[in-house]
Structures are given as C-alpha cells and as structure tokens.
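> The structure under discussion is supplied below as structure tokens; questions concerning it will follow.
The values are calculated or read from the model by the stated rules, or taken from the named source; none is laboratory data. Here the structure is a predicted model, which means the values were calculated and not measured. When we count neighbours, we look across all protein chains shown, and the Cβ atoms used for this are built from the backbone with ideal geometry, even at glycine.
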Amino acid sequence: MNSIVVPTMQEKIAKGEVPDILFWVGCSGSFDDRAKKITKAIVRILNHVGANFAVLGIEESCTGDPAKRAGNEFLFQMQAMQNITVLNGYDVKKIVTGCPHCFNTIKNEYPELGGKYEVIHHTQLVQQLIDEGKLKVQGGEFKGKKIVFHDPCYLGRGNDVYEAPRDVISKLDAELVEMKRSRANGLCCGAGGAQMFKESEKGIKEVNNERAEEALSHNPDVIAVGCPFCNTMMTDGVKHFNKEDKTKVLDVAELIASANDL
Amino acid sequence: MISSIIFIVLLIGSSVFFYLNAKKIRRNILLGKDIYINDNKAARLKTMVLVALGQKKMFNRPIPAILHLFLYVAFVITQIELIEIIYDGITGHHRSFRPALGVFYTFTVSFIEILSVLAFIGTIAFLSRRNLLKVPRLVKSELNGWPKLDANIILIMEFILICFIFMMNGADEVLYSRGQSHAENLGDRTLGLAISSHLGPLIYGGMPDAGLHVIERIGWWGHIIMVFSFLNYLPFSKHLHILLAFPNTYYSNLKPKGQFKNLFEVTDVVKPNFDPSYQPVLDPNATIGFGVKDIKDLTWKNLLDAYSCTECGRCTAACPQNITGKALSPRKIMMDTRDRMEEVGRNMDKNGGTFVDDGKTLLGDYIKHEEIWACNTCNACVQECPVNIDPLTIIMGLRQQLVLEQSSAPNELNGMFSNLENNGAPWQFSPSDRANWINEN
C-alpha cells in the first residue's frame, strides 16, 4: 500500500498554495480506530487522482452536531462559530466531509451563522471523480459480490442524497441489493440524535440489531455504509448475529480504494 | 313550509356552532409563537396540490391509499350534490336542478352514487382493519380510549350517511317510476341513477307509496343531518385533517430535513464573542427562555401540525425507537401536544380568556423524558407523514428545554458535552492528537 500524503491547511498556506478543496475529517474519522481507516481510504482516493486538497489537522474541531441534536444549542453555536472563524480565516470555498453529520451541519446550519461553503459528502466527491473520468473503478475483489447499502439518515432523508453512493457502488460490478427499508424509507442505524453517546432507553431490541438483521437477511458479502457512526453500529449488529466472518461492513470509500488497490 | 323553517334553523345553527368552534381552534393555534412561513409561494402551492389534494405520500402504502382515496373522492364530489340539497331544503322543492341540468344531473348524481359504493367498501374495510384485522399501527396503546372510539365513530357516521343516500335515492326511483315522486316529472320513467335505478326497485319495489315517501324523507333528512353532525364533529375529532391538511401542507418545511433551526436567542449571546459588529435580534432587556416547556413555547406551525394529525400512525410505524419497543411514539408526541393545547384552551374559556396556571406542562405531564431522549432525529416520522407533520421539531424543543433550562440531560450526554467543550470532540481525546492519524499505520 502506498503511503499517504496529507497536507494541512497551515502547511499549504505557508508554501503559498491554495487548496481546491478542504477535507473535513470529523471527530470519528480523526479519533476512532475503525473510522480512521475510512479517512485514509478517502485520502488514498484524493492522492490517487492528484487532488489539491488539505485538512485542518489540529485546527479542526467538532462541528457541534451531537451537541445540537442533544439539545445543547449553546455548545453547538460555540463550536460552529469557532470552526467558521478558522474556515473563513483560510478563505475556504469548498469542503468534502467524511461524515454525513458534519456534511449536514456545515452545509445547512453554518451559513446562517456566517459560514457559507460548497459542501459535499465523500460519496458525492467519488461520484464526481468517476463522472469526470479522473477515477476509473474496476470491480476488483468485489466483482460479483453481493453488497447491500444502508442509507445514512443525514445523507439520505436529511439531504436527499440517495444516488451518489449507489452510483459509485454500481461501478464495482457487484450485485447491489436494496433492503425493504431503503432510500427515503431507510431505517436509522441507531446512532443519530446523540444516541451514539448514551445507553438506549428501555425496550425490546437495539436499533442497530434491528437494522443489521434486515441487512443480513439478504446474506450479503458487504454491508456498505457512508457514515462512520453507521459503520460502528452496523459492525456491532453484525457481530451480535455472529456473521462477521461472512459479512463485512465497509464504507463506500473503502470499497473504491480496495477495489483499485489504492 | 314547516320543513323549510326546520331546515333553515338547522343550517344556520350548525354553521354558527361550527364557526364558534373553528374560531376556538384558530385561537388555540395562535397560542403558539409567531414565525414567518410564506416564502416561495409557488413551491408551497405545489406541495399542497401534490401532498394534500393529490395524496402523494399516501401511496407509499397502496392498499390503505386506495381505500382512503374512495372515501376522499366520494367526500369531495358529494359536496356538489350538497348544493342542491341545501337549495331544496330552503325552498321546499325536490331535485330542483334536475330539469335544468338534464343528462348532466343524471351523470353527476350517478357518479356520486358509484363513489358512494366505493366509499361504502372503504368504510367497511377501514372498520375491519381497526377492529378485526387489528393492523399494528392502528391498535397501539396511545389509541386506547377516546382516539379509538373517535376513529370508529367517524367510520360509522360515514357508513350511516351512505345508507341514507341510497334510502333517499332508491325510494325516490321507485316513486318516480310510479309517477309519485315529488321531483318534477319530465315524462321519463326513471331518474336514471346508476345504482339506485337498480337497487331501489330491488329493495323497495314491493312497498306502497306512503311507506316509500317516509323512507325517502328519512333518507333525505338523515343524510343532511349527518352532514351537519359531521361538520360539527370535526372540531372535536382527529378528522379535522380533512380541512387542515391543506394549510398544513402549504406551510410545510421546504428546507432539507437535516437542517435544524438555529436558535437566534442563542446566537444573540454567542455571536458577539466572535463578531463584535453583530446586532442582537432580541431586545436585550427581554426575558428569554430556551426550548419548549409548554404550548406557548411552540410555534403556531407546531400547533397546526397537532390539529392536522389524524393519528394514522405511519410516523410511529417508521420510528426506529418505537419499532424496537421504546416508549417514544411520534404520533403520541402530536396527540399529547393537541391534548395539552385543548386543555389550555378550555382553561382560558373558563377564566375569561386568560390562562390560569394549572401546574401542568406539556413537558413532563404529557411527554416524558424517556420519550424525548430516545429520539434518533432520523426524520423517518417527518418523511412518513401524509400531511407533512413534523414531530421532530417538538422533540428538539423539549430537549433544548431539558438541557438549557433544566440541566437534566442523561449523565452520558453531559459527559459528551464536557468532552466537546474541553476537547472539541465528543470523546475524551486531546485536541492536540486530532491529526495523529496522518502518521499512524
């Protein structure tokens, strides 16, 4: 595997360069061991196409999404304005995020607070790169495999992005299977609304197991996701049903990076 | 003459009674905070036409959608016939429009009859789904008691109303063929109604004229009395959706569902730290509260949502937390909001128009913390609602109240808040380690 090249905004500016796009990594992508692999897959794709990008590095901070969804609007706006100050300081125009929650927050909730950027999710970036002919995708190890895609709420219902991840997966020559509850009717993985950070209320089942069970009923080789939190939840769900040997939970970026041996 | 007077009294009485109750509903909705929602009128009209008039979202579930369409179309088209019935009622004539409209009259009433048969089937199917098949979303615990009775009352009223239509038309067909109908005789042998010209002779063919006149009158009066009753039952029932679906979809949220409102009362406090030139939106001397504790803290749109809810439970059937057995049910959030709003309204009626503190609030007395904290904010409920109701905004407002005013978030969330505040991440990692992944293998 090639080593990755990840310039920070500070380094770029110091060299007098202006990156075309800022890669917003997110907390999960920066700190969670599993999600870091997704981050690196995105970077490998960016490196492969020779994208002129940068990350904020230690200048990045949580978008405030979990605070806002948990009702702490003060903390959200403090985080938002701190980030907006940094982003505007670098005169950022375009952002790609590795997480649908960061994507939604920066795209929809920052503009009113003074942060106006063109924001895309990494599956949209990959789709664009394929469409522009900059990225050629072969099926590779996923050729003929059965892949079921789980819609992240904040990408799908939240922002009506349903096709980008599916378009990208369809390039793998794999069998893309739809769950009964998909697209606008997709079922949450159980992490959203700050549930990731607390125990669930009294009930009869965990949401992630309900969703993983639905995905596993198709007996897939891969459950594809587009969100690091969905990834955690679905991975736990697959383990709950002892299916981790048969079914892998992988981000769309990882599928593309692996298929292309990046 | 007497019958005209009785009719006019009933017509005026039921209109006035409806007007007074509709006014109360308007008053209750306006208890909510004022917000401006009237941008992009073209998109709003389009949404209303597609979602309310066109029932677009109903068709996610085709079987109930078709049954519902029978009732809906029958209801809408029947209003045409109502014009004649009201005219006849006031003037004491019978089938006044038939001579002038001719074939068009026969066609219209026949069309209504066919739709009424379909609506009859729909009504029986809906009663069965609720009471025999016990479709899960229609028998959940929040429907116990009045909501269940309310649903059945409406369906039974519709059932009886349709029976009256066929009594009226069926008996009249037989009378007309004998030259005994009070409708003007145009020299033909039948009124030519699609269903009743067959059904009437079949059921009433052997009856004497006097009996038929009684049945025809029972049908006619029964029908119009059911219409007046139905109109006046609406303000007390979930069935109000037949009217409010239209304004409610017009005032739908047109922004991406993932976008939650930024509280400007918070921006007023936070933004000056980052932008000294920022001009606060609110009067600095005004007392401000955060989030939603009771009805007055919601917006009028939230309250319109609550009155528009017909308790179909599609939201709850799609809710990941409800599916997995948690207490949260988006439908219950809407029903609780409406119940509390009605309680506040009755309190005001009793106290000369002002609300006297009753020691209760929507938060806590109606909606429990356990429900509020279970939400995934996944928007499944918002997506599902056939009339674009948004339970999520209410849940978010309640959360804001719990966190910002009452400091009573679950402990793990308080931990997440302090991590976020100190480390810029929801976990306990040092911000200086944020870029370590770059050099890790």
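> If you take the residues in segment B:303-343 that are touching a Leu at 6+ places or on another chain (Cβ under 7 Å) and assigned to a loop (DSSP other than H, G, I, E, B), which one is farthest from the other protein chains (Cβ to nearest Cβ)?
B:GLU311
> Check every one of the helices (runs of 4 or more DSSP H) wholly within segment B:1-117 and list those with 2 or more residues that are under 27 Å from the mean Cα position of the chain (by Cα).
Because the criterion is at least 2 residues that are under 27 Å from the mean Cα position of the chain (by Cα), the helices (runs of 4 or more DSSP H) in segment B:1-117 that meet it are B:2-29, B:41-47, B:62-91.
> Out of segment B:118-158, which residues are of a type in the set (D, E, K, R) and either assigned to a helix (DSSP H, G or I) or touching an Asp or Glu at 6+ places or on another chain (Cβ under 6 Å) (or both)? Lay out the reasoning, then the answer.
Step one: filter segment B:118-158 for residues of a type in the set (D, E, K, R), giving B:129-130, B:134, B:137, B:140, B:142, B:148, B:150, B:158.
If the condition is that a residue be of a type in the set (D, E, K, R) and either assigned to a helix (DSSP H, G or I) or touching an Asp or Glu at 6+ places or on another chain (Cβ under 6 Å) (or both), then B:ARG129, B:ARG130, B:ARG137, B:GLU142, B:LYS148, B:ASP150, B:GLU158 are the ones that fit.
> Continuing with the same structure: Across segment B:271-298, what is the total count of residues that are surrounded by 19 or more Cβ atoms within 10 Å (Cβ to Cβ), over 20 Å from A:GLN77 (Cβ atoms) and more than 13 Å from every other protein chain (Cβ to nearest Cβ)?
Counting residues in segment B:271-298 that are surrounded by 19 or more Cβ atoms within 10 Å (Cβ to Cβ), over 20 Å from A:GLN77 (Cβ atoms) and more than 13 Å from every other protein chain (Cβ to nearest Cβ) gives 3.
> Restricting to segment A:38-54, name every residue that is among the basic types (Lys, Arg) and out of contact with any helix residue (DSSP H, G or I) (no Cβ under 7 Å at 6 or more places or on another chain).
Initial filter on segment A:38-54 (among the basic types (Lys, Arg)): A:40, A:44.
Correct list: A:LYS40 only.
> Let me ask something additional. Which ones in segment B:287-302 are in a helix (DSSP H, G or I) and within 14 Å of B:LEU263 (Cβ to Cβ)?
Within segment B:287-302, just B:ASP297 meets the criteria.
> Listed residues A:ASN159, A:ASN185, A:ASN208; which is surrounded by fewer than 18 Cβ atoms within 10 Å (Cβ to Cβ) and out of contact with any Leu (no Cβ under 7 Å at 6 or more places or on another chain)?
A:ASN185
> Now, a different point. If I ask for residues that are surrounded by 14 or more Cβ atoms within 10 Å (Cβ to Cβ) and of a type outside the set (Val, Ile, Thr), which ones from segment B:210-221 would you list?
Matches in segment B:210-221: B:LEU212, B:HIS213, B:GLU216, B:ARG217, B:GLY219, B:TRP220, B:TRP221.
> How about segment A:19-44: which of its residues are surrounded by 21 or more Cβ atoms within 10 Å (Cβ to Cβ), of a type in the set (A, V, I, L, M, F, W, C) and farther than 24 Å from B:LEU420 by Cα?
Within segment A:19-44, A:ALA41, A:ILE42, A:VAL43 meet the criteria.
> Answer yes or no as to whether A:ILE106 is of a type in the set (A, V, I, L, M, F, W, C) and farther than 30 Å from B:GLU265 by Cα.
No, not satisfied.
> Being touching a strand residue (DSSP E or B) at 6+ places or on another chain (Cβ under 7 Å) and not aliphatic (A, V, I, L, M), is that true of even one residue in segment A:174-196?
yes
> Evaluate segment B:251-270: report whether one residue or more is away from chain A (no Cβ under 14 Å) and either touching a residue at least 12 places away in the same chain (Cβ under 8 Å) or not basic (Lys, Arg) (or both).
Checking segment B:251-270: at least one residue is away from chain A (no Cβ under 14 Å) and either touching a residue at least 12 places away in the same chain (Cβ under 8 Å) or not basic (Lys, Arg) (or both).
> Something else: List pairs: first in segment A:125-153 and at positive phi, second among the polar types (S, T, N, Q), Cβ under 8 Å, 6+ apart or cross-chain?
A:GLY140/A:SER258; A:GLY140/A:ASN260
> Give the residue that is nearest to the other protein chains (Cβ to nearest Cβ), with candidates limited to residues of segment B:409-434 that are surrounded by fewer than 19 Cβ atoms within 10 Å (Cβ to Cβ) and of a type in the set (Gly, Ala, Ser).
We begin by selecting, within segment B:409-434, every residue surrounded by fewer than 19 Cβ atoms within 10 Å (Cβ to Cβ); these are B:410-412, B:414-415, B:418, B:421-422, B:427-433.
Now restrict to residues that are of a type in the set (Gly, Ala, Ser): B:415, B:418, B:430, B:432.
Numbers: B:GLY415: 8, B:SER418: 9, B:SER430: 9, B:SER432: 6 Å.
Selected residue: B:SER432.
> Here's something else I'd like to know. Can you name the number of the only condition in (1) in the same structural domain as B:ASN302 (by TED's automatic domain parsing); (2) part of a helix (DSSP H, G or I); (3) not aliphatic (A, V, I, L, M) that B:GLY415 fails?
Among (1) in the same structural domain as B:ASN302 (by TED's automatic domain parsing); (2) part of a helix (DSSP H, G or I); (3) not aliphatic (A, V, I, L, M), the lone unmet condition for B:GLY415 is (1).
> If you take the residues of segment A:188-205 that are crowded, with 24+ Cβ neighbours inside 10 Å and without any contact (Cβ under 8 Å) to a residue 60 or more places away in the chain, which of them is nearest to the other protein chains (Cβ to nearest Cβ)? Break it down stepwise before answering.
Residues of segment A:188-205 crowded, with 24+ Cβ neighbours inside 10 Å: A:188-195.
If we keep only those that are without any contact (Cβ under 8 Å) to a residue 60 or more places away in the chain as well, we get A:188-191, A:195.
Values: A:CYS188: 4, A:CYS189: 8, A:GLY190: 6, A:ALA191: 8, A:GLN195: 6 Å.
Ranking the candidates gives A:CYS188 first.
> Look at B:GLY397 and say whether it is part of a helix (DSSP H, G or I), under 22 Å from A:GLY158 (Cα atoms), more than 7 Å from every other protein chain (Cβ to nearest Cβ) and not acidic (Asp, Glu).
yes
> Of the residues A:VAL86, A:VAL96, which is surrounded by fewer than 23 Cβ atoms within 10 Å (Cβ to Cβ) and among the β-branched types (Val, Ile, Thr)?
A:VAL86
> Taking into account only those residues within segment B:255-266 that are modelled with pLDDT of 95 or more and not hydrophobic (A, V, I, L, M, F, W, C), which is farthest from the chain's Cα centre (by Cα)?
For segment B:255-266, the residue satisfying everything is B:ASN262.
> Checking B:ILE438 against (1) in a loop (DSSP other than H, G, I, E, B); (2) facing chain A (nearest Cβ under 8 Å); (3) over 35 Å from the mean Cα position of the chain (by Cα), which single condition isn't satisfied?
All conditions are met except number (1).
> Shifting gears a bit: Taking the stated definitions as given, is B:LEU133 out of contact with any Cys (no Cβ under 9 Å at 6 or more places or on another chain), closer than 29 Å to B:THR190 by Cα, assigned by TED's automatic domain parsing to the domain that holds B:LEU243 and at pLDDT 95 or above?
In short, no.
> Are there any pairs, at least 6 apart or on different chains, whose C-beta atoms fall under 6 Å, with the first in segment B:1-16 and in the same structural domain as B:GLY92 (by TED's automatic domain parsing) and the second small (Gly, Ala, Ser) and assigned to a helix (DSSP H, G or I), and if so, which?
Here the result reads B:PHE7/B:GLY89, each pair linking segment B:1-16 to a residue that is small (Gly, Ala, Ser) and assigned to a helix (DSSP H, G or I).
> Which condition number does A:ASP221 fail, the rest of (1) over 21 Å from A:PRO100 (Cβ atoms); (2) over 21 Å from the mean Cα position of the chain (by Cα) being met?
(2)
> Name the pairs whose Cβ atoms lie under 7 Å apart, with the first residue in segment B:195-218 and without any contact (Cβ under 8 Å) to a residue 40 or more places away in the chain, the second among the polar types (S, T, N, Q), and 6 or more positions between them or separate chains?
Taking only residues 6 or more apart or on different chains, the pairs are B:SER197/B:THR190; B:GLY200/B:ASN169; B:ASP209/B:GLN180.
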